[in-house]
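Heads up: the structure comes next, in structure tokens.
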Amino acid sequence: FKVSGETINEVKTERVVKEKNISDFRNSDNASIRAFVVQVFEPRFFDVCIECKKKVSNTGDGFVCEKHGKTASERRALMNIVLDDGTATIRAVMFGEQINNLGFSDLESAEIIEKQKKDVLGKEMLFSGNVRMNKFFNNLEFIINDIKQVNVDELVAKLEK
């Protein structure tokens, strides 16, 4: 690498995300969709390294990170949902903050989870993320990076154009 004296204008620092239909998804796409939540699965939990946030192995007498060796761990959640945009359905995966953004605040109580599921089912939202191939099931899945509420006024203005 060499230091350049050239000035670069208008550098894009955000990831480019295109609005797509689920039926048009391809592996490695960065996409945004407006879709309904049609199915919600139970949350699953796993442990990550407190330093690098990568999954750790439980050796029985502690946790081991591939990068940091024996380490303390932090408990994380993941949740699968099925999204439908009218063109197709896709299994989507959310972690941590995105689970909260969908409307889940308590993942410990089975009763509360069931109530939260009922509140989320059928809800239309904007989802952004990455499409990847799930090697275990040999199908595409959507890794959610961001969830937003549908702004009806913005949607109407966009459709009127």
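The values are calculated or read from the model by the stated rules, or taken from the named source; none is laboratory data. Just so it is clear, the structure is predicted and the values come from calculations on it, not from any experiment. Here the Cβ positions follow ideal geometry from the backbone for every residue, glycine too, while neighbour counts run over all protein chains shown. Surface accessibility is based on the protein's heavy atoms, side chains included, excluding ligands, DNA and RNA. Shrake-Rupley method; radii C 1.70, N 1.55, O 1.52, S 1.80 Å.
Which condition does Leu126 not pass, out of (1) open to solvent by 40 Å² or more (accessible area, probe 1.4 Å); (2) of a type outside the set (Asp, Glu); (3) in contact with a helix residue (DSSP H, G or I) (Cβ under 9 Å, 6 or more places away or on another chain), if it passes all the others?
That leaves (3) as the condition not met.
Just to be sure I understand, how many residues within the range 106-139 are farther than 21 Å from Asn151 by Cβ, touching a Phe, Trp or Tyr at 6+ places or on another chain (Cβ under 8 Å) and assigned to a helix (DSSP H, G or I)?
Final tally of qualifying residues: 2.
Looking at the range 98-105, can you tell me whether even one residue there is assigned to a strand (DSSP E or B), open to solvent by 30 Å² or more (accessible area, probe 1.4 Å), touching a residue at least 24 places away in the same chain (Cβ under 8 Å) and not acidic (Asp, Glu)?
Scanning the range 98-105, I find no residue that is assigned to a strand (DSSP E or B), open to solvent by 30 Å² or more (accessible area, probe 1.4 Å), touching a residue at least 24 places away in the same chain (Cβ under 8 Å) and not acidic (Asp, Glu), so the answer is no.
Would you confirm, using the coordinates I've provided, whether Glu111 is exposed (fewer than 12 other Cβ atoms within 10 Å of the Cβ) and closer than 21 Å to Gln39 by Cβ?
yes
Can you tell me which residue within the range 106-123, out of those that are touching a residue at least 60 places away in the same chain (Cβ under 8 Å) and of a type in the set (Lys, Arg), is farthest from Ile22 (Cα to Cα)?
Among those that are touching a residue at least 60 places away in the same chain (Cβ under 8 Å) and of a type in the set (Lys, Arg), it is Lys117.
List the pairs whose first member sits in the range 75-86 and is among the polar types (S, T, N, Q), whose second member is surrounded by fewer than 16 Cβ atoms within 10 Å (Cβ to Cβ), and whose Cβ atoms are under 6 Å apart, counting only residues at least 6 apart or on separate chains?
Cβ pairs passing all conditions: Asn80/Phe41.
Please tell me if Lys18 is over 27 Å from Ile147 (Cβ atoms) and not small (Gly, Ala, Ser).
Against the criterion (over 27 Å from Ile147 (Cβ atoms) and not small (Gly, Ala, Ser)), Lys18 does not qualify.
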